[in-house]
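Reviewing the structure listed below.
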Amino acid sequence: MHLLLEQLINGLTIGSFYALIALGYSMVYGVLKLINFAHGDFFTLGSYLGYTVLVFGTALLTAHFGLWGGMMAATVVAAISVSIVGIVVERLAYRPVYPAGRLPAVVSALGASIFLQNAIMVIWGPRYQAYPSQLIPNMHFQFGDIFITLLQIIILVFSFLLMSVLYYVIQRTTFGAAIRAAAHDRHTAALMGIDFNKVILFIFTLGPALGAVTGVMVGMYYRQISFTMGWNYGLKAFTATILGGIGNIPGAMFGGLILGVLEMLGASYISAAWKDVFVFLILILVLIFRPTGLFGEKVAEKV
Amino acid sequence: MPVNTNSTGSARTLSVPRWIMPMLAGAILLIYPFLVSDYYIDIAFYFGIYALLGLSLNIVLGEVGLFDLGHAGFYAIGAYVTAILNTRYGIPIFVLLPVSGLAAALFAYIVCSPIIHLKGDYLCIVTIGVGEIVRIALINNPFDLTGGPNGVFGIDFPRIGELLVIDSSLEYYFLIWAVVGLSIIGLISLQNSRIGRAWNCIREDGIAASASGIDVRYYKLLAFVLGAGLAGIAGNIYASKLMCVSPESFSFWESCLMFCIVLIGGMGSIPGVLIGAAFISLFPEIFRPFAMYRMLVFGSVMILMMMFRPGGFWPRKRGGVSYRSLMEDSGD
Amino acid sequence: MIDRPGKATRNGNDILLETQGLTKIFGGLTAVSDFDLDIHKGEILSLIGPNGAGKTTVFNVVTGIYRPERGDVVFKGRMITGKKPHQIIVAGIARTFQNIRLFPDMTCLENIMAGQHCRAKAGLAASVFRTPKMRREERRIRQVAEDRIRQVDLWAFRDELAKNIAYGSQKMLEIARALASEPELLVLDEPSSGLNPKETEDLMAFLQGLIREEDLTILLIEHDMNVVMGISDWVVVMDEGKKIAQGPPVEVYNNPEVIEAYLGKEEEGGEDAGPASH
């Protein structure tokens with residue numbers, strides 16, 4: 001029982017990583033029907049930028065803002081820089097390709113991903129980089145016989161905060177309604193006076209920013225980062241997006257959390273080496289019985 | 001063939017230049033290896049492997065329009081079936097050539113049957129999942145068969161007794177390109193058959209295809225099975241050329257490359273696939289002097305190509321002219 | 001409900017297609033409820049009714065796109081309920097769609113050849129090796145397609161991509177594709193919608209020609225009363241998923257119940273092109 005609960009918390013932690021990255025996929029997919037392969041690399045870029053700020057700016061930042069301030073600064077710098085990169089990628093690589101349809105955009109996205117990944121490699125080098133240790137006091141709390149670290153608490157709280165804010169923006173504000181409308185039917189939305197470019201700007205600011213923040217958190221959690229990690233996280237997050245029902249924002253969040261928990265349960269009860277197989281098998285089973293994901297709407301094609 | 005004089009005329013005048021290109025390409029392929037060193041022959045060998053993989057994915061993606069981003073899994077099945085059966089039981093590589101194709105095809109049939117009804121991106125993620133499951137399974141060395149992350153070593157050359165042993169770069173080059181050539185002939189035949197048309201109809205409009213009498217499920221599965229079979233054959237040749245196989249050769253990245261081959265070349269276009277394969281396999285070689293920057297260039301070029309030629313480098317041409325290919329004409 | 005006074009005027013007595021108590025439910029909405037229809041060999045039967053009456057749903061059930069919750073479809077005495085669309089076309093029912101569904105990036109001729117798919121047999125091996133039998137079959141497919149494309153006057157566009165021809169031509173192309181499957185029953189969903197008056201005239205003449213010259217029966221959904229009155233042998237009126245009347249065109253046209261349920265709702269009356277066609 002106590003293993004189960006502990007794995008549940010570990011699962012929720014990595015699940016919230018997946019969920020935050022998945023949000024970026026889901027927003028872009030919802031509005032543009034594009035699988036944004038570069039999204040995983042936004043996440044990596046955020047992680048590396050956070051790393052640089054923490055390693056090279058720590059002394060300076062900590063002197064001015066204290067340790068917590070330093071970390072916040074790393075997160076904010078990563079988020080802002082990566083959203084700028086996100087917007088630039090959208091302008092340069094995606095926008096010119098939209099008119100040609102979905103598939104060219106997929107290739108363009110793969111191209112952007114290769115470019116970003118290798119740019120990161122050129123800038124930071126091909127080797128693993130390690131986040132500074134002891135950023136967060138190595139404290140843990142005990143509830144009954146369950147251990148939970150301070151870092152985990154911070155990550156969980158921060159992730160849920162971000163997700164709640166995003167959920168609120170998408171589901172409760174006018175602008176969120178505009179995004180959902182654009183995702184539902186782009187042309188009708190345009191007729192209703194929704195500025196599609198604003199919607200794109202928004203999702204390509206927010207998605208990469210969320211990815212970058214996740215990158216910093218992953219760096220702090222695992223401490224080791226590599227320029228190729230975006231692929232793996234991206235793939236998992238994309239899986240989470242589909243699991244939840246693609247284009248569905250709450251679906252992406254739950255998809256991510258469920259995926260993280262499944263992965264951890266698979267790792268502890270089946271085998272760590274086969275955990276991803278377990279995850280993909282579950283995904284396939286879910287899709288066989290619910291072809292549009294767990295929370296996806298059943299779309300009956302109009303004939 | 002019942003054609004009126006008008007269309008026969010246009011087919012005659014236009015079909016001549018159409019045949020210059022393939023002849024020329026064939027001639028270059030024949031002469032090329034005698035002009036260059038083994039290193040460049042090997043590059044052309046890998047071009048051939050990617051061409052075969054591109055052709056195999058083109059059936060699924062180009063002809064039927066199914067997003068398959070796990071094609072490396074089928075390639076892996078072919079390579080590992082060859083590696084395991086050859087190193088353990090000494091079955092000759094040539095015998096394993098069809099066996100690995102059939103094994104990959106059977107695998108595709110089994111895994112695709114339950115998921116073939118999924119649409120677009122849902123099918124896409126499932127194929128990614130299948131590809132990843134294969135790769136992870138290979139790493140985890142089930143039943144001590146696959147040798148884990150290191151893979152399987154000591155795969156034999158393709159040989160027929162002592163009569164014919166394929167063990168030089170030149171011979172491998174001709175082996176792969178012979179297979180590619182035969183596949184192209186077969187695939188052109190298919191394009192001009194009711195099967196090829198059925199595939200295209202499904203790509204264009206699944207419901208209309210079904211209402212026109214096409215068993216959508218059957219033809220989708222057929223495309224997967226055939227595509228996987230060809231990829232399995234590519235795996236066989238690749239394994240014996242390298243003499244070893246390891247899981248990292250069959251990553252998600254490899255599936256993405258195949259996807260790009262088809263789209264860069266032009267969906268459903270056989271010459272397009274060859275151009276796409278040339279791009280993917282030759283580009284990193286040509287830009288070797290740029291060292292670590294070459295992949296930056298590679299990524300940028302992919303984006304640029306989609307901007308300027310979104311339909312691919314050599315989109316499939318339809319209509320009377322391409323329709324009446326030599327295959328068809330020679331029949332009458 | 002008119003109890004079939006016009007039966008004597010219907011051509012022939014063999015029932016080709018019959019639906020019995022057909023019911024189709026979407027979520028909470030009963031789109032078609034307990035619907036009976038019988039089509040006699042060699043006639044043109046028009047299914048009319050206001051938008052949302054369930055006409056297209058009946059078509060989709062008959063052609064196997066939807067599976068009915070209750071009821072049966074009997075074609076030539078055989079139950080075809082729940083069969084897949086590609087099996088139904090083999091049985092001899094071919095259709096067109098309300099919103100044209102062609103294969104846009106294939107040529108006009110290829111579009112029609114698709115209709116012959118179900119009458120051909122060549123398998124994988126025969127196709128790869130182009131056996132003599134397969135070539136003969138291909139020639140036959142091509143011959144049928146070429147005959148049909150001439151029949152709808154689109155020979156000049158045979159190598160043009162389907163998406164590049166005019167709307168009216170696309171409609172005719174879709175009919176030609178259906179005809180290429182050698183059907184006994186042709187099911188047309190609003191064939192005249194979007195056509196100009198001249199094209200509509202041509203369509204009517206074309207359909208009457210078909211009935212005269214080929215062993216064919218036509219079931220159509222139609223909003224244009226000129227077409228309905230002009231070519232139908234029998235008219236069935238639907239409203240809210242139910243059959244509310246049937247009979248020869250003139251009789252149905254003057255039926256007060258029908259006028260109330262259907263024509264009465266259209267202020268312009270039935271003489272116009274009817275409800276907006278999409």
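Values in this text are rule-based calculations from the coordinates and carry no lab data. Everything numeric in this text was worked out from a predicted model, so none of it was measured. We place every Cβ from the backbone using ideal geometry, glycine too, and count neighbours over all the protein chains shown.
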Taking chain B and counting helices only, DSSP H stretches of n ≥ 4 at -39,500 (n - 2.57) each over all residues, the nearest-500 ellipticity at 222 nm comes to -23000 deg cm²/dmol
Under a 5 Å amide H to amide H cut-off, with H placed in plane at 1.01 Å, what residues pair with C:D224 once short-range neighbours are removed? none
Kindly provide the chymotrypsin sites (Phe, Trp or Tyr not before Pro) of segment A:126-235 that DSSP labels as loop, not H, G, I, E or B, and whose Cβ sees at most 13 other Cβ atoms within 10 Å. A:Y128
Antiparallel DSSP beta bridges within the protein assembly as shown, percent to nearest 5: 65 percent
Average beta carbon contacts from partner chains per residue of B:115-125, 10 Å cutoff: 5
For peptide A:110-120, how many partner chain Cβ atoms fall within 10 Å of a residue's Cβ, on average? 6
Contour minus end-to-end for B:L282 and B:D167, with contour as 0.36 nm per residue of separation and end-to-end as the Cα-Cα distance? 39.1 nm
Report, in debye and to the nearest 20, how large the dipole of chain B comes out about its Cα centre when Lys and Arg carry +1 and Asp and Glu carry -1 on their Cβ. 820 debye
Once you average over the residues of B:139-150, how many Cβ atoms of partner chains fall within 10 Å of each Cβ? 1
Work out from phi, with θ = phi - 60° and the Karplus expression 6.51 cos²θ - 1.76 cosθ + 1.60, the ³J(HN,Hα) of each residue of segment C:101-118, listed in order in whole Hz, and give x for Gly and Pro. 10, 9, 9, x, 9, 10, 6, 4, 5, 4, 4, 6, 4, 4, x, 7, 3, 6
Treating only Lys and Arg (+1) and Asp and Glu (-1) as charged, each at its beta carbon, one finds that chain A has a dipole about its Cα centre, in Debye to the nearest 20, of 520 debye
Between helix C:132-151 and chain C, what is the angle of the helix's C-alpha long axis to the longest principal axis, kept within 0 to 90° and rounded to the nearest 10? 40 degrees
Rg over Rh, two decimals, the protein assembly as shown (C-alpha only, Kirkwood Rh): 1.01
Extreme residue, positive dipole direction of the protein assembly as shown, given options A:L5, B:W199, B:L296 (C-beta unit charges): B:L296
Using only alpha carbons, build the gyration tensor for segment C:70-177 and give me the equivalent ellipsoid semi-axes, biggest first, whole Å. 25, 22, 11
Tell me the mean residue ellipticity at 222 nm calculated for chain C from its helices only (DSSP H runs of n ≥ 4, each -39500 (n - 2.57), averaged over every residue, nearest 500). -10500 deg cm²/dmol
Under-5 Å amide H pairs with B:L66, H placed in peptide plane, nonlocal only: B:L61
Taking the 0 to 90 degree range and rounding to the nearest ten, how far is the long axis of helix C:167-179 tilted relative to the main principal axis of chain C, both from C-alpha atoms? 80 degrees
Which of B:I20, B:S212, B:N86, positive extreme of dipole for chain B (C-beta unit charges): B:S212
Segment A:2-289, Cα convex hull volume normalised per residue, Å³: 141 Å³
Using alpha carbon positions and the Kirkwood radius, the Rg to Rh ratio of segment B:5-330 is 0.97
Per-residue HN-Hα couplings for segment A:204-219, Karplus 6.51 cos²θ - 1.76 cosθ + 1.60 at θ = phi - 60°, whole Hz, x for Gly and Pro? 7, 8, 6, x, x, 4, 4, x, 5, 4, 4, x, 5, 5, 4, x
Cut-off under 5 Å, modelled amide H: who pairs with C:L16 long-range: C:I39, C:H40, C:K41
Sparsely packed trypsin sites (Lys or Arg not before Pro) within segment A:62-156, loop by DSSP, other Cβ within 10 Å at most 16: A:R127
Along the charge dipole of segment C:103-180, Cβ charges K/R +1 and D/E -1, which of C:L179, C:S169, C:F103 sits furthest on the positive end? C:L179
Computed ³J(HN,Hα) along segment A:12-23: with the Karplus parameters 6.51/-1.76/1.60, θ = phi - 60°, integer Hz and x for glycine or proline, the list is 5, 4, 6, x, 6, 4, 4, 4, 5, 5, 4, 4
Treating only the Cβ atoms of Lys and Arg (+1) and Asp and Glu (-1) as charged, compute the dipole magnitude of the protein assembly as shown about its Cα centre; round to the nearest 20 debye. 1720 debye
Which helices of chain B meet both criteria: a Cα extent of 18 Å or more along the helical axis and a mean Kyte-Doolittle score no lower than 0.0, with helices taken as whole DSSP H segments? B:5-31, B:38-57, B:71-89, B:93-112, B:120-139, B:169-191, B:216-242, B:252-265, B:270-286, B:294-308
Given a Förster distance of 41 Å, the FRET efficiency implied by the Cβ-Cβ spacing of C:D72 and C:A156, rounded to the nearest 0.05, works out to 0.40
Taking the simple approach of a point 7 Å from Cα along Cα-to-Cβ for both A:I270 and B:L145, what is their distance in nm? 1.8 nm
